[in-house]
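Asker: Pasting a structure below so you can have a look.
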Amino acid sequence: MACEANQEPTADVELKVNGDQIELNDFVRNFVAHTVIGMIKSLRDVGKVETISLDISRKAE
């Protein structure tokens, strides 16, 4: 699938960093969605992907 800068978003993606909403353009929204969905689909025992919740917290250094 070719990615174009003006491609319509194919999924709703919400990104928050430290609780602040980060605005994403359509290219980044599609990139994040397709990357995460691709990783999830490769896992065993995962059926049809409709929604994904992902929360990442960095450990204190």
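Asker: Can you tell me which of ALA33, ALA2, ALA11 is within 11 Å of the chain's Cα centre (by Cα) and at pLDDT below 90?
Answerer: The conditions single out ALA11.
Asker: For the structure I just gave you, tell me whether GLY47 is of a type in the set (Gly, Ala, Ser), surrounded by fewer than 10 Cβ atoms within 10 Å (Cβ to Cβ) and modelled with pLDDT of 90 or more.
Answerer: In short, no.
Asker: Can you tell me which condition GLU23 does not meet? The list is (1) surrounded by 11 or more Cβ atoms within 10 Å (Cβ to Cβ); (2) farther than 13 Å from THR10 by Cα; (3) acidic (Asp, Glu), and all the others hold.
Answerer: Unmet for GLU23, out of (1) surrounded by 11 or more Cβ atoms within 10 Å (Cβ to Cβ); (2) farther than 13 Å from THR10 by Cα; (3) acidic (Asp, Glu): (1).
Asker: I need every pair where a residue in segment 1-19 that is over 18 Å from VAL36 (Cα atoms) and exposed (fewer than 10 other Cβ atoms within 10 Å of the Cβ) has its Cβ under 6 Å from the Cβ of a residue that is aromatic (Phe, Trp, Tyr) and modelled with pLDDT of 75 or more, sequence separation at least 6 or different chains.
Answerer: ALA5/PHE27
The values are calculated or read from the model by the stated rules, or taken from the named source; none is laboratory data. Here the structure is a predicted model, which is why all the values come from computation and not from measurement. Ideal geometry is used to build each Cβ from the backbone, glycine not excepted, and the neighbour counts take in all protein chains shown.
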